[in-house]
Amino acid sequence: MKKLLIVLILIIFISSFSYGDNESTIFYNNEMIDFTHSVIVHEDITLFPAEEFSELIGAQYLWNDLDKVLVIYRDNTFLKFTLDSTIGYVNGKSFIMDTSIILNDSILYVPIGFITEFLDINVEYDKLNKILRLTNNEYNIYTTYKNYFYKTIEIPKFNINIDIPYYWDLLDEETLLYGKKSNYEDITLNVRVIKNPDDISIDEYINTLHDYTEYVHDEGEIKLTEEKTFTTSGFNGKLITYNYEQIEGQPIYAYYITKVNDLLYILDFNFINKDLPQLLSTIENIINSFEIKSLAIDSTDEHYIEYPKFYNLDTTLQYEIYSNMQAYNNFHFVGTINPLIENIRVTVEKNSKIINFNIPVIDGTFDEEIYLPFGLGKHNVSIFIDTESDIVINPELVDLEIQSNLLMKFSVINISDDFIRYTLPDINILPNHQHILSMAYLITRDSLSDYAKAYDIYKYILENVQVNNEKISQNSYDVYLYNEGNNIAITNCYVSLLRGIGIPSRVYKGTNRNSSHNWAEVYLNNNWYIVDPTFGILTKDHPDNKNYFIVNKEDYYSNYDIIEEVTN
């Protein structure tokens, strides 16, 4: 959370002045601002017109008139207010305010002290000259990329930020041309946004751009040298690079294009090939820094956001969830939603690891544990409605992000490093299925240690399941139903039964030139051991069939060219 300081100090500071006939002059980032609707003071608290102020600072503004809920979102900070309530929410966490938001002559007003504090906007008031100065604290920030200094520039016209080398200049304010022109470096960047009502795709635009550049530079042969995909602000974009081989000095043109709703954002680079690797590295740094301020979610930072469908579908949460809250392997997700929704999908991510699972909705209520399976640290959680649900969404509410079925996103810190990820359901591993769960407890009812329970389940499969490689299904429940299955399904069934009683287990696959084979690895006495129920079944009539319960890992791995884990 950005600067969780005592908001009261700032509120008192700002409210030390009041507006009379001559209102104070307001500056934002050194530009004078003239709101259409006047700033007001209520009970010594200064309030700004909410929609105008949101537009000024490049924040998303969402007013849900039905529930009287206001949302303002910018820079990973999600602010939520309810009319006539002094409880405000910052990234899901509740705070007490000195005044609620106010509806005055059909205009919604927000307490400026609360807003500016949590959106990291500095406030200064010159009482003598009646000047109120607001400055975004990220204005002119310097960062480094591989030991090179960059500065963050805001382009309010397009509501975007980018980082450019600190020594670059604004060469043309009207066309938004940045860069450096000298004997040692000649590179420019032109920032453009094109309205795209015809929904032209990035690839279609690239084809048109290719034809245009060939026409303009007909004196040289155009050559496409690179095409690369990036994801910035959560949206996919493409970088294409051209050069003109027959032109003196070999000018190079690079275009980065990303599409958001009905807009095409274009970063247009033009440079002379003197140090191509360094220049391309600079361009990629700029592209990776590209941020649409009102849409961007930095998943590496703490975050919490409720999307419009959260309100359209009357979603409520029984327990408070907030950004970077701490949890011990899992947390309770309980609430209500529109009864027409039958299923909620959950995605949990950490770095490149990801797991998906479903939460059933029964008569408009949901009650489930969300697991954090990837050990210590921050997990990113996304909550979706089922894409097959027939729900009409209020078209008047502007979506905060392009994914139309998102309900909410937030970050959670796992403070446990247990192997909980290896006890969770997977697409074909169903430890929480009531029949598999009951069978697992029945099989192991007389055993105390995990070792004994793992062997009891292994023995049960050997005695009751047949290998049938004609079976296509990989689902563990099909093995339970029919007492037969292929190698993959039998291994999944063994792992399902183990996970059902809380024994960490996973599926591995070995591949060699002729074939592939799956087996289980079970966590017993602080070590992972190989158990192969399929080979156990095939050799059960031989006296050495127990060898497939605990197998020497090095010997087993030596049979395969490629070894890979195929479950979470």
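Before moving on, here are some points about what is shown:
- Any hit, the range 544-560, residues being within 22 Å of ALA440 (Cβ to Cβ) and crowded, with 21+ Cβ neighbours inside 10 Å: yes
- Selection of first residues in the range 470-481 that are of a type outside the set (A, V, I, L, M, F, W, C) and of second residues that are part of a loop (DSSP other than H, G, I, E, B) and surrounded by 16 or more Cβ atoms within 10 Å (Cβ to Cβ), restricted to Cβ pairs under 7 Å at least 6 apart or on distinct chains, gives the following pairs, ordered by first then second residue: LYS471/ASN486; GLN474/ASN428; ASN475/ASN428; SER476/ASN428; SER476/ILE429; SER476/LEU430; TYR477/LEU430; TYR477/HIS433.
- Which numbered condition PRO543 fails, given (1) part of a loop (DSSP other than H, G, I, E, B); (2) more than 24 Å from LEU424 (Cβ to Cβ); (3) at pLDDT 90 or above: (3)
- Taken as a whole, the structure places GLY237 among residues that are under 30 Å from SER299 (Cβ atoms), modelled with pLDDT of 85 or more and not aromatic (Phe, Trp, Tyr).
- For the range 500-507, the condition of being touching a strand residue (DSSP E or B) at 6+ places or on another chain (Cβ under 6 Å), in contact (Cβ under 8 Å) with a residue 60 or more places away in the chain, surrounded by fewer than 22 Cβ atoms within 10 Å (Cβ to Cβ) and more than 24 Å from ASN469 (Cβ to Cβ) holds for at least one residue.
- Residues within the range 358-390 that are in contact (Cβ under 8 Å) with a residue 40 or more places away in the chain, surrounded by fewer than 17 Cβ atoms within 10 Å (Cβ to Cβ) and under 20 Å from GLY502 (Cα atoms), tallied: 2
The values are calculated or read from the model by the stated rules, or taken from the named source; none is laboratory data. Just so it is clear, the model here is predicted, and its values are computed rather than measured. Every residue, glycine among them, receives a Cβ derived from its backbone with ideal geometry; neighbour counts consider all protein chains shown.
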